[in-house]
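The values are calculated or read from the model by the stated rules, or taken from the named source; none is laboratory data. What you are looking at is a predicted structure, and each value in this text was computed from that prediction instead of being measured. Every residue, glycine as well, gets a Cβ built from its backbone with ideal geometry; the counts of neighbours run over all protein chains shown.
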Amino acid sequence: MERRDDQDRTLGAMHTLESALESATFGREDRWRDDVLASLTRLLEAVADEGDGATEPDSLLSDVARNQPRLRARVHGIRAQYRQLRETLEALISERPGEGPVDFADLRQRIGWILSALRHVRGRESDLIYEAYFDAFEADLIEEADLRHDVLGVEESEREQSRDVKGT
């Protein structure tokens, strides 16, 4: 559940940052800078936690690297991308975009690239975990979920029919 919590926190931080970036700057430059800087800091903390979690020995990525050697290089790539994103966020925050004149359009664009890169690595991680599951169990997660739903639905339907027969 920790992985899901980290991902949810990162997604929330991404949305908060996007909201701060979309707000108007004219006449409220200082407020805009403060909001963006606070949002960047929150995103950095979330990305750091998510990246650190991905390196834990009991993480899903560690399990994939340990048990599926052919996917190990992709695990290392994902971890490297998390490190690069963290370093990029740290560098941007250390520039203190709130000090001095700011090219708001340029800053929005730079942060947009970071958010796109973050979405990319998160998607790659999800694809990798899904592929590892499929390889390990020779089963499709979505099909299994549908099958479980169908089986539960059939069982419930059979119980209802049984009650109807007994009741008549």
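The table that follows gives values for the structure above.
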item	result
Of the criteria (1) closer than 24 Å to residue 5 by Cβ; (2) surrounded by 12 or more Cβ atoms within 10 Å (Cβ to Cβ); (3) at pLDDT below 95, which one residue 84 fails	(3)
Identity of the residue in region 19-36, touching a residue at least 24 places away in the same chain (Cβ under 8 Å) and assigned to a helix (DSSP H, G or I), that ends up surrounded by the most Cβ atoms within 10 Å (Cβ to Cβ)	36
Failed item, numbered, when residue 159 is tested on (1) loosely packed, with under 11 Cβ neighbours inside 10 Å; (2) modelled with pLDDT of 60 or more	(2)
Pairs where the first residue, in region 123-139, is charged (D, E, K, R) and the second is not in a helix (DSSP H, G or I), C-beta under 8 Å, 6+ apart	135/68
Conditions (1) touching a Lys or Arg at 6+ places or on another chain (Cβ under 9 Å); (2) in a helix (DSSP H, G or I); number of the one not met by residue 63	(1)
Only one of 10, 16 that is of a type in the set (Val, Ile, Thr), free of Cβ contacts under 8 Å to residues at least 40 places away in the same chain and within 22 Å of residue 82 (Cβ to Cβ)	16
Flag for residue 39 being without any contact (Cβ under 8 Å) to a residue 40 or more places away in the chain and in contact with a helix residue (DSSP H, G or I) (Cβ under 6 Å, 6 or more places away or on another chain)	yes
